[in-house]
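Reading through the structure tokens given below for one structure.
What follows is calculated from the coordinates using simple rules that are stated; it is not laboratory data. Owing to the predicted nature of the structure, the values given are computational and were not obtained by experimental measurement. Glycine also receives a Cβ, built like all others from the backbone with ideal geometry; neighbour counts cover every protein chain displayed.
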Ligand code: KG4
Ligand code: ZN
């Protein structure tokens with residue numbers, strides 16, 4: 001199945017083309033194209049994402065990104081690659097060959113479904129994507145004489161979770177060999193809005209072990225970055241600064257580390273940073289030096305990644321996980337990846353995290369989430385659901 005997926009839940013306008021195949025035991029997602037148009041520059045002056053501005057930018061960017069996507073030529077599956085499970089695969093392949101030969105693909109006829117994020121996210125931003133998807137759906141079904149394109153809603157957080165299964169079309173062989181995801185698994189999904197630890201028995205059967213009681217991990221990164229005068233989004237900025245600092249310089253708290261549950265809390269560490277900066281400035285009567293900033297960034301990053309890795313490790317041990325999965329925007333953090341990889345090595349189990357481009361918001365993961373719902377024969381309503389959860 002070829003899906004055209006649309007993601008507009010926050011500040012990235014993204015559209016992707018993904019070839020999905022296989023059943024729930026071994027789904028395959030080959031990303032043919034994934035375009036992300038970031039609105040970060042628009043939101044920087046406000047220090048965070050402004051929902052109505054996000055909507056305006058999505059409405060502006062969606063047609064542009066779609067145009068870029070539709071100029072894309074569908075590659076033909078390489079020899080030896082697993083074919084999609086649909087019985088009309090051969091027909092589709094011939095159709096694709098013709099399109100590649102013609103060199104141009106204005107191409108609803110090769111697309112089986114449009115997938116769009118329905119939540120969670122910023123309501124106006126979600127609506128922008130949903131309305132756009134509906135229009136496209138109407139237009140394509142009005143012009144296509146033979147077959148109907150489907151319209152599928154998708155859950156953004158399921159997208160983050162399933163981003164672990166995405167492979168790039170050019171890296172198909174290498175990546176699928178390297179990344180073998182066995183169940184049971186524990187999955188840490190850490191983004192700007194969520195911090196969730198899951199126990200997964202299978203692709204679709206999971207239990208939420210814990211989540212944040214206050215700020216999400218990414219949100220804490222963003223807020224601390226702002227305290228240090230760094231622009232939004234703060235995660236990559238803090239990580240960059242932290243590289244030059246001493247992570248043991250300051251002992252910031254690691255809230256709930258020793259609680260027996262699997263919940264998290266990051267507002268305490270954020271407040272500890274705030275007080276530390278306030279006291280330092282008061283004591284010296286000067287602004288923070290660059291060295292002090294790097295030490296704060298490194299010590300903060302250590303506190304957050306330590307507690308995430310520690311609790312994930314405890315869950316992996318308790319539940320006998322064969323794989324540790326990490327995804328969501330904060331999964332782009334190299335220190336966190338390193339720590340969880342080490343945990344997995346120590347336990348003799350696997351560790352998987354998406355390719356870097358699929359950690360932060362992207363539409364490829366939305367295609368994966370929508371396809372899994374199709375396999376489950378379940379549907380999301382096509383309305384913005386800002387609080388949709390996993
Ligand atoms: O998943 P995502 O793109 O959006 C949401 O669904 O929220 O995650 C964005 C979050 C932001 O808070 C951003 O600061 C954080 O991911 N982030 C990072 C890094 N890159 C992005 N946090 C820590 N280290 C990074 N390298
Ligand atoms: Zn996200």
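Values computed for the structure shown
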read-out	value
Pairwise centroid distance, computed over Cα atoms, of the range 15-56 with the range 270-309, Å	32 Å
10 °C / 1.306 mPa s Stokes-Einstein diffusion coefficient of the range 338-390, Kirkwood radius on C-alpha pairs, µm²/s	113 µm²/s
DSSP beta bridge pairing in the chain, given as percent antiparallel to the nearest 5	55 percent
Neighbour-count order for 311, 244, 282, fewest beta carbons within 10 angstrom listed first	282, 244, 311
Fewest-first sequence of 301, 345, 123, 158 by Cβ atoms within 10 Å of each Cβ	345, 123, 158, 301
Normalised convex hull volume, the range 185-353, alpha-carbon set, Å³ per residue	100 Å³
Residues 250, 383, sorted so that the one with the fewest Cβ neighbours within 10 Å comes first	383, 250
Dimensionless Rg ratio for the chain, taking C-alpha atoms and the 2.2 N^0.38 Å reference	1.02
Estimated FRET transfer efficiency (residue 134, residue 282; beta-carbon r; R0 51 Å; 0.05)	0.40
